[in-house]
Amino acid sequence: MLKLVIFGTMFSTIDLMELIIIYPKLFLILVPTLIIVIFWYIFCKSTAGSSIFLVDFACYKPQNNQQICRQNFLNRSSRELKFNSDTLEFMDRILQRSGLGDKTYVSKGLLSDPMDMSTKAAKEEVEMAVFGAIDELLLKTGVRCEEIGILVSVCGVFNIMPSLSSVIVKRYKLREDIRSYNMTGMGCSAGLIALGLVQNLLKVHDNSYALLVTTESTTDNVYKGNDRSKLLSNCVFRVGAVALLLSNKPSNQNTCKYELVHTVRSQTANNDRSYNCIFMEEDEQGHRGISINKDLLYAAMKTIRSNISTVAPLVLPLSEQFRYLMNIIVRRFRTGSKMEPYNPEFSRAIDHFFPHVGGKPVLDDLQKKLGFSDEQMEASRMTLYRFGNTSNSSIWYELAYAEAKGRVKKGDTLWQIAFGSGFKCSSVIWRATRSIDCDEMNPWSDEIDEFPVDVSKIGALSDLFVASK
């Protein structure tokens, strides 16, 4: 049987001719579709717009005295929060199988005796993380505060007045005419959503620097009741923050780390299961917490698939797009075909993949569906192990891991994808403008040789999520 190779894909010529003879309309569909794919590919490559650069970023690393191990976490939860024995047993199982190690960080308020969960303590936690990240970023870049023209701050749940952006303006004496924005309530995808906002602002404000800061408060989000659906956030969320300096200045082209290529945002909030899967509410005793139900994995996969379907034509080589198209056509027109749906090999186009470390089940599914290797998933799994879920800043600890390993080379394509309540999913594609020196200032630098560690034996927790309402 003769074989036909098109864009690197092998097809049986007999099968193709058979389809065209039996289904003459197939030819009328295939040729125009192929032309459309080619033109779409060319269009996507040629509409990059004005260049936006990531000059550098800095991840906050708390002090060693803020580290907490699993047993200490459980002991303090039992003593300070008065959880019952069933709740403590359930939390222990979450911690054993969450993928977190014994050196993650919690706030000073949660380590004090007694625990301090006041608004003042939460504000101190956020300020310590945000100021630490910004101070390091300014030191790394040498940019003066008066040069910054745009500021966007992100803190998912904790909200204060004056806003976090105002706190930053006051602390660093930023310009009176600075364009400042503050985002809250957007979940773990908020950091990349904010990056899309910065992208749009830099498109209309030439020759500007933009400062983007993202963090979360663990002090303010502690749940004090025994409702299992609200315990996950207590167990996996940890202290973290990141500060990014972006620019559209042509002079930064040769000194920056990355060039922004694409931003893609999707959401499925119009679907009840997606909307309700992560929800802040009070339990029957009046304790506020974030409920997570069994629809989370459904909502995550549904929204991520929607996002990926938009990302795919932007990044995949034409050969992968053609394989995917031919697979759909053959399965559609050939009755009784046992051909499996084709999952595009994103690893052919993406050198580094950094998904949000929301949980081990989601990471496992993404790796399987998108065809990434264990090494390409290593940064995500090690970030979850070492720093826990730092909410919207976690993907930057992953990128810092790859940099510390010396894996980011000039011309590499990087994909960050984050997802969270709503349900929302955002993707950002970067291109490395230079090879990154593994000796640069980095939260992993002093311990990178200890990683990776083996987390393959960590099992799934089958009853982690409660039934949806």
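The values are calculated or read from the model by the stated rules, or taken from the named source; none is laboratory data. All of these numbers come straight from a predicted model, not from anything done at the bench. Here the Cβ is made from the backbone with ideal geometry for all residues, glycine too, and neighbour counts use every protein chain on show. Heads up: the accessible areas ignore ligands, DNA and RNA and are worked out on the full protein's heavy atoms, side chains in. Shrake-Rupley method; radii C 1.70, N 1.55, O 1.52, S 1.80 Å.
Inside region 36-75, can you point out the residues that are within 25 Å of the chain's Cα centre (by Cα), at pLDDT below 65 and either crowded, with 18+ Cβ neighbours inside 10 Å or part of a helix (DSSP H, G or I) (or both)?
Within region 36-75, Cys44, Lys45 qualify.
Condition check ((1) within 23 Å of the chain's Cα centre (by Cα); (2) modelled with pLDDT under 95; (3) not hydrophobic (A, V, I, L, M, F, W, C); (4) not in a loop (DSSP other than H, G, I, E, B)) across all residues:
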residue: Ser233; (1), (2), (3), (4): yes, yes, yes, yes
residue: Ser251; (1), (2), (3), (4): no, yes, yes, yes
residue: Glu259; (1), (2), (3), (4): yes, no, yes, yes
residue: Gln285; (1), (2), (3), (4): no, yes, yes, no
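Determine which single condition Pro355 fails, assuming it passes every other condition in (1) closer than 25 Å to Tyr298 by Cα; (2) surrounded by fewer than 19 Cβ atoms within 10 Å (Cβ to Cβ).
(2)
All but one of (1) open to solvent by 10 Å² or more (accessible area, probe 1.4 Å); (2) out of contact with any Ser or Thr (no Cβ under 6 Å at 6 or more places or on another chain); (3) of a type outside the set (Ser, Thr, Tyr); (4) assigned to a helix (DSSP H, G or I) hold for Arg331; which doesn't?
Among (1) open to solvent by 10 Å² or more (accessible area, probe 1.4 Å); (2) out of contact with any Ser or Thr (no Cβ under 6 Å at 6 or more places or on another chain); (3) of a type outside the set (Ser, Thr, Tyr); (4) assigned to a helix (DSSP H, G or I), the lone unmet condition for Arg331 is (2).
Checking the conditions here, which among Asn293, Asn271, Asn207 is more than 23 Å from Cys59 (Cα to Cα) and open to solvent by 70 Å² or more (accessible area, probe 1.4 Å)?
Working: Asn293 fails: open to solvent by 70 Å² or more (accessible area, probe 1.4 Å); Asn271 fails: open to solvent by 70 Å² or more (accessible area, probe 1.4 Å).
After applying the criteria, what remains is Asn207.
Ser347 - would you say it is in a helix (DSSP H, G or I), closer than 15 Å to Ile308 by Cα, in contact with a Leu (Cβ under 8 Å, 6 or more places away or on another chain) and not hydrophobic (A, V, I, L, M, F, W, C)? Reasoning before the result, please.
Numbers: in a helix (DSSP H, G or I): yes; closer than 15 Å to Ile308 by Cα: yes; in contact with a Leu (Cβ under 8 Å, 6 or more places away or on another chain): yes; not hydrophobic (A, V, I, L, M, F, W, C): yes.
Yes, satisfied.
State yes or no: is Phe333 over 20 Å from the mean Cα position of the chain (by Cα), farther than 24 Å from Leu232 by Cβ, modelled with pLDDT under 95 and of a type in the set (Phe, Trp, Tyr)? Even if it seems obvious, please write down each step before you answer.
Details: over 20 Å from the mean Cα position of the chain (by Cα): yes; farther than 24 Å from Leu232 by Cβ: yes; modelled with pLDDT under 95: yes; of a type in the set (Phe, Trp, Tyr): yes.
Yes.
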